[in-house]
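Let me begin by presenting the structure, written as structure tokens, before commenting on it.
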Amino acid sequence: MIISPPFLPPIDADSTKEDPLMEALDKMTDSSGLYPVAFDRRWHTGLHLVPWNDRSLPVRAIADGEVVAYRVCQHPIADTAGNQNTNAGFVLLKHTTDTGENRTLTFYSLYMHLLDLNTMTHDGMQPPPINEPHSMPEWLRWDSGGPVSGEGKKVRRKDILGYTGQCQDRWQLHFEIFMAPGDFDAYFGETQLGNQEVATPRGGDCWGHSYYVIPANQNFHAQPPGVEADKLRGIKFPAQQSGQNEQPLYVEVYFQKGDKYTNVWSVAADGSRTLLTDEPAVESEFEYDMYKRASALYPTCPSDGYEMLRFGRILSKPETLPPAPDQETSTAPNLRKTWYCIPFANGQQGYIDISKPAITRLSDADFPFFAGWRKIQASTAPVDQNGLWDLDKLKGVVRAAVGDVELPGTDLMGEPQTSQQKSDAMRYYVIDPDHEAVRKLLRGFICEAPSEWDSANLDACYRHLLNEGEHFECRQDAYNRFLDFVRKLHFWDKTGLPAGGKVWFFHPLAFIRHFRRCGWLSKDELSQIYAESKYASVGKTGAEYKERYRIDLNKVLRKYSLNNSMRGSHFFGQCAVESFYMMVVRESSTPIANAIKKNHPSIMPELNGYLRSPPANEADVAYFKKLYEGRLNLANTDGGDGVKFRGRGFKKLTGRFNYSEYWVYRGWLDAKSYDHAWFANKKNGKPLPGPQINNPEIAGNDTYACVDTAGFFCVRYLVARVSDRGVEREISGAVTKIVNRYDTASPPLRWKETQDANNILGDFA
């Protein structure tokens, strides 16, 4: 899933924020239009965004999508007083993508109050020419004559949809994200949204931040058992404090540019939470060092250990490390033991083994309640009999979630009586600078509510305004004019969605920020990486190769956190050359393009053992013998090693030494079964016996191993440390020197493919 916000303002490249672009969007939020309650206490299921002082900043599609409905206006429409101060232009998009294996997500995004064509021309806000990437489509440049159905039109993420318009003289974009009931149930039925009792999920759907629920009275150690001179198997564990947590803990862990960040909340008996970390606890370089840690601490299978260090559990199948023993006092060894340094009380932090069965392990994929997500059903929403938000009911929800945010004696407004007083009290409660906890809580509300753009809901929404003491009391004509004005903004009958029903709304920026952590590439998204012409030139199609590897590619990118835009762009830029656009995962003994066209034996699957002669023709393997046979720098010490350990996988794992390192990493080879310097340590003038690897073809035949060898290379040689510096020519060159320093001809191509990948994965048009 690739998603970005509707505005793409310039950001500080040196920002230390986890997501500086979303930080910039938060600052565009207009307090006159917060989610999910308006200041007249009606549902406000979107957000008003104002692009600072730059109205020329285009409104862009947040993801690839299908146009459901739209309206392009030549002029503004008039309000009830006859003032032409409201823009009725809008675009409604439907997005279908994946967040994991068999995890399809369908949602809608609405961009309302897009500027009319006349004002665009008058104010000089003309979009780029149509033939430029991400420019505004032709159909959005002409008056549509009212709301119309999309009729199969498509847009790409970052395409310009228009510019910010007005609503009753206020410049703003009204922006919504919602899901239809069936789509919502299908997706969130597989999560833990709404569950107060959470459990470690059985499946492999895991992304974003990791979360741990630690029961009360767990033992925290000053250092893990077995530490000597602050080190355990060569890995440093600085001394901390020992003790027990008196209350349960909610722990959040995430990684950013190599560092590990930890937030911790203690949980009181009434469910209220106290943050123990005013700022996240930081372990510098932890992520960059994880391969080294995994190799030292999990010698049976460092690959499984790497996942334990990142996720607190093993996602790859099959698992090699046995499950952690059920009882802490068990005499069975726990090969999954994973020591995390976690604050457990004010001013105290210590080490705890997060592999223990008593600890619950979750991720952002689960939408746990303690991460702020709350399902607000229509039947239990904090509203009154008129469907208006009730302040006392909202305060009850807030009190149950975060405690009482109001200090004694601060409610100076008294008990609200009139409708206006109730609205003023709601407004004060939500925007009070001291009530940040309220606004943060509201961001996590996922609300079942009617759409304000559906005429079938019009009377139910507003008819109370005719009641005694309300705005239109005894003013039926004025009420009718008001309804006529509102109807001019409606469009629901063009969407194909049921009239008069309810849908599920999200705080749109919270939704985007959350799913930007996912990074899973759908079939359509991956299809955009690498031009189709690369495949057509050799008589192939991109889908043939991309779909072969897509699931395992996503798993590997997730495992090594190569699925953000910077790291991913460099990964795909390098793999374009190393694997010839995923088409060649076994080193070819003949020119690559010709080998692909003719399905040369050297690049075909090795289904009957690894390629060798006999039975293969000598001509098909002669290249490998000449290039690799007897190469001690590759540890090819036995006859036939040159052919046996030729390049395989996305990164072309090459040489007996590198194969042995990967085999040990995956737990396929016992690291104690051979001398790791067998090629240098000689006996009777000959190298010592080397590791026995009888099935090297796995590195090319098995789709997961094929991609994982590249991820293994990236963490082994710290490619991410360089990639994290940005997507620039110089940085691409530095990555290339790590990946293949001997290839002096390809850096320009690697840089171009990195740029092309970043155009798809990155945020800026």
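Quick notes on this structure:
- FRET efficiency estimate (nearest 0.05) - Cβ-Cβ, residue 764 to residue 319, R0 35 angstrom: 0.30
- The separation of region 569-637 from region 118-184, counted between C-alpha centres, amounts to 49 Å.
- Over 18 Å [Cα-Cα, region 537-617], rounded percent: 51
- Over the chain: helical MRE at 222 nm, DSSP H runs n ≥ 4 each giving -39500 (n - 2.57), nearest 500: -8000 deg cm²/dmol
- Stretching the chain fully between residue 75 and residue 239 yields a gain of 52.2 nm (0.36 nm per residue, less the alpha carbon separation).
- Full extension of the segment from residue 229 to residue 331, taken as 0.36 nm per residue of separation minus the current Cα-Cα distance, would add 34.1 nm.
- Protection proxy ranking, highest mean first, for peptides 66-75, 231-240: 66-75, 231-240, where packing is the per-residue count of other beta-carbon atoms within 10 Å, averaged.
- Label-point separation, residue 544 to residue 745 (7 Å along Cα→Cβ), nm: 2.4
- Fewest-first ordering of 290, 22 by other beta carbons within 10 Å of each residue's beta carbon gives 22, 290.
- For region 255-260, 3J(HN,Hα) per residue [Karplus equation, 6.51 cos²θ - 1.76 cosθ + 1.60, θ = phi - 60°, Hz, x = Gly/Pro]: 10, 8, 6, x, 9, 9
- Packing-based ranking of 166-179, 120-133, 43-56 yields 166-179, 43-56, 120-133, ordered from highest to lowest mean Cβ neighbour count within 10 Å.
- When mean projected area of the Cα convex hull in nm² is computed from the coordinates, the matching label among [x] 44.6; [y] 37.3; [z] 33.2 is [y].
- Each Lys and Arg adds +1 at its Cβ and each Asp and Glu adds -1 at its Cβ; summed about the Cα centre, the chain shows a dipole of about 3420 debye.
- Positive-pole candidate from 207, 68, 435, dipole of the chain, charges at beta carbon: 207
- Overall form of region 450-609 per C-alpha gyration tensor (a/c, 1.5; a/b vs b/c): prolate
- Cα centroid of region 705-724 to Cα centroid of region 224-299, whole Å: 24
- Overall form of region 210-371 per C-alpha gyration tensor (a/c, 1.5; a/b vs b/c): rounded
- Region 446-514, relative contact order [Cα under 8 Å, separation at least 6], %: 51
- Taken about its Cα centre, region 210-371 carries a charge dipole of about 440 debye when Lys and Arg each add +1 at the Cβ and Asp and Glu each add -1 at the Cβ.
- Environment charge at residue 688 (Cβ cut-off 9 Å; Lys +1, Arg +1, Asp -1, Glu -1): +2
- Cα-centred dipole magnitude for region 523-761, charges only on beta-carbon of K, R (+1) and D, E (-1), debye, nearest 20: 420
- Residue 141 paired with residue 346, simple spin-label distance in nm, labels 7 Å along Cα-to-beta-carbon: 6.4
- Between the Cα long axis of helix 565-578 and the first principal axis of the chain there is an angle of about 40°, rounded to the nearest 10.
- HN-Hα J in Hz across region 635-647 - Karplus 6.51, -1.76, 1.60, θ = phi - 60°, x for Gly and Pro: 6, 7, 9, 9, x, x, 4, x, 7, 4, 10, 5, x
- For region 705-765, the list of trypsin sites (Lys or Arg not before Pro) that fall in a loop by DSSP and count at most 16 other C-beta atoms within 10 angstrom reads 725, 741.
- Among 470, 452, the ranking by other beta carbons within 10 Å of each residue's beta carbon, starting with the fewest, stands as 470, 452.
- For the chain: relative contact order, % (alpha-carbon pairs under 8 angstrom, 6 or more apart): 13
- Cβ-based charge dipole, the chain, positive-most Cα from 367, 85, 653: 653
- Chymotrypsin sites (Phe, Trp or Tyr not before Pro) restricted to region 516-602 and DSSP loop, no more than 12 other C-beta within 10 Å: none
- Relative contact order (%) - criterion: Cα under 8 Å, at least six apart; region: region 523-761: 26
- Of the residues 587, 23, the one with the fewest other Cβ atoms within 10 Å heads the list, and the complete ranking is 23, 587.
- Residue-span extension gain [residue 32 to residue 281] - 0.36 nm each, minus C-alpha spacing: 86.1 nm
- Cα gyration tensor shape for region 720-763, rounded if a/c is under 1.5, else prolate or oblate: oblate
- Calculated FRET efficiency for the pair residue 524/residue 484, C-beta based, R₀ 30 Å, to 0.05: 0.10
- The long axis of helix 302-311 is offset from the longest Cα principal axis of the chain by roughly 10 degrees.
- Angle of helix 391-402 to the longest C-alpha principal axis of the chain, folded into 0 to 90 degrees and rounded to 10: 20°.
- Once the C-beta distance of residue 473 and residue 246 is scaled by a Förster radius of 51 Å, the resulting FRET efficiency is 0.35 to the nearest 0.05.
- Charge tally around residue 181: other residues with Cβ under 10 Å, Lys/Arg +1 each, Asp/Glu -1 each, net -2.
- Mean-position separation - Cα centroids, region 327-377 and region 413-442, in angstrom: 37
All of the numbers you see were taken from the coordinates with simple rules; none came from a lab. It should be emphasised that the depicted structure is a prediction, and the values quoted were computed from it without experimental measurement. In this analysis, Cβ positions are derived from the backbone assuming ideal geometry, glycine residues included, and neighbour counts consider all displayed protein chains.
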